[in-house]
Amino acid sequence: METRVIGVDPLEDCRAVYREAAAVLADGGLVAIPTETVYGLGADAFNTEAVADVFAVKERPSFDPLICHLPSARALRDIVEIPAGLQPLVDALAREFWPGPMTLVLPRKACVPDIVTSGLPTVACRVPSHEVMRGVARALGHPIAAPSANRFGHISPTSASAVLTELGGKIPLVLDAGACSEGLESTILQPCLDEKGKPAVRLLREGPVTREKLRKICRVLKPGKKTSSDPEASVPGSGAGENGQEEAPTAPGMLKSHYAPSKPLMLHNPREAFQPEPGVRYGLITYQGDSELAAQDCWTEVMPLSPGSGRLSEAAVRLFAVMRAMDESPSVDVIIAEELPLQGLGCAMMDRLTRAAAKRGETW
């Protein structure tokens, strides 16, 4: 299959491009579409065969649910049933963070196919701030089910060229709007009632909408926290189940191993000295580039996330691109990543690095 690439500038009138992409989706095809977070591999969420193709192209397990992308908050009512006690909280979150990198997990309506939600009674949905994804969704008239446009478990793509590296020749169309502005996947939340019956959110995946921002709206609970609105059967979480086996995820991006390069990636514990093995070529992903670790002479490549300035926002935008560049470097065998500050966006970046390192289950 030849993969076409169409350049698109969201600041211009792109309705013809949106209609062309929507026609591909309506015909059951897949389109890689940019969002502010990462590029998504989109399918008509109401077309079960097309959604099945998303899983097949990505080699994604069927138990890992997808996110539905909506053109506006008004479209939320078409696919979810919001409990009355949670409606004010959902409205407040939507006003504050939509359009934007926030995904809400809510009870789904029967119109949402099982394959989209991996058979769960809830559906993950968001209104992206990127005009291209919203424009294509408007033109299609249906939600767009779209995980990241890469092979399952690999580094998420933040540019059209990264999509082509991952899926070129496997999908018919890529819309190229340049680099993504956020660079990290959306924050995933499940609105609920806490143990006292007050509205809260369960934080299922860290992302650009940080804990600090969320706490201005409501209480933030950990994934496995029991609440008064939970069914008796289970509480959403991402830990190990019986016999140490990992539980099926209740939202996208919750698997222990994810976002990984093909080369080994290991997190460096700053409380321990780094001891390189003879004959191994190491590349370092560093926060600012001026740490004691970066000053060691054992690196064949050193790539700072926020050179000199130490801005978490800049580091977040660059994280996946730097991981990909390090993975593609012919002079690197093993990637070492410095730990980042556990505050704000640093929490989301450490979440991605920890899951990437979990592929080998090692830290230094």
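The values are calculated or read from the model by the stated rules, or taken from the named source; none is laboratory data. All figures in this text were calculated on a predicted structure; none of them were measured in a lab. All Cβ positions, glycine included, derive from the backbone under ideal geometry; neighbour counts span all protein chains shown.
Is there a residue being assigned to a loop (DSSP other than H, G, I, E, B), aliphatic (A, V, I, L, M) and out of contact with any Lys or Arg (no Cβ under 7 Å at 6 or more places or on another chain) anywhere in segment 152-170?
no
For LYS198, all conditions in the list (1) within 20 Å of ILE33 (Cβ to Cβ); (2) surrounded by fewer than 18 Cβ atoms within 10 Å (Cβ to Cβ); (3) not small (Gly, Ala, Ser) hold save one; what is the number of the exception?
Among (1) within 20 Å of ILE33 (Cβ to Cβ); (2) surrounded by fewer than 18 Cβ atoms within 10 Å (Cβ to Cβ); (3) not small (Gly, Ala, Ser), the lone unmet condition for LYS198 is (1).
Six or more apart or on different chains, Cβ under 7 Å: which pairs go from a residue in segment 100-112 that's within 14 Å of THR210 (Cα to Cα) and touching a residue at least 12 places away in the same chain (Cβ under 8 Å) to one that's of a type in the set (Gly, Ala, Ser) and assigned to a strand (DSSP E or B)? Could you list them?
The qualifying pairs are THR103/ALA124.
Sort out for me the helices (runs of 4 or more DSSP H) sitting completely within segment 280-364 that have 1 or more residues that are in contact with a His (Cβ under 8 Å, 6 or more places away or on another chain), in contact (Cβ under 8 Å) with a residue 40 or more places away in the chain and buried (at least 22 other Cβ atoms within 10 Å of the Cβ).
Ranges flagged: 345-357.
Could you tell me whether any residue of segment 150-171 is touching a strand residue (DSSP E or B) at 6+ places or on another chain (Cβ under 8 Å), of a type in the set (A, V, I, L, M) and closer than 24 Å to LYS213 by Cα?
No.
Mind checking whether some residue in segment 248-270 is among the hydroxyl-bearing types (Ser, Thr, Tyr), surrounded by fewer than 15 Cβ atoms within 10 Å (Cβ to Cβ) and either modelled with pLDDT under 95 or in a loop (DSSP other than H, G, I, E, B) (or both)?
yes
From the list VAL322, VAL302, VAL332, which one is in contact with a Gly (Cβ under 6 Å, 6 or more places away or on another chain), at pLDDT 95 or above and over 23 Å from MET254 (Cβ atoms)?
From the options VAL322, VAL302, VAL332, the qualifying one is VAL332.
Has segment 187-195 got at least one residue that is at pLDDT below 95, more than 19 Å from the chain's Cα centre (by Cα), assigned to a loop (DSSP other than H, G, I, E, B) and crowded, with 16+ Cβ neighbours inside 10 Å?
Yes, segment 187-195 has at least one match.
Which one of the conditions (1) assigned by TED's automatic domain parsing to the domain that holds ARG151; (2) over 17 Å from the mean Cα position of the chain (by Cα) does VAL54 fail to meet, given that it meets all the rest?
Evaluating VAL54 over (1) assigned by TED's automatic domain parsing to the domain that holds ARG151; (2) over 17 Å from the mean Cα position of the chain (by Cα) leaves (2) as the failure.
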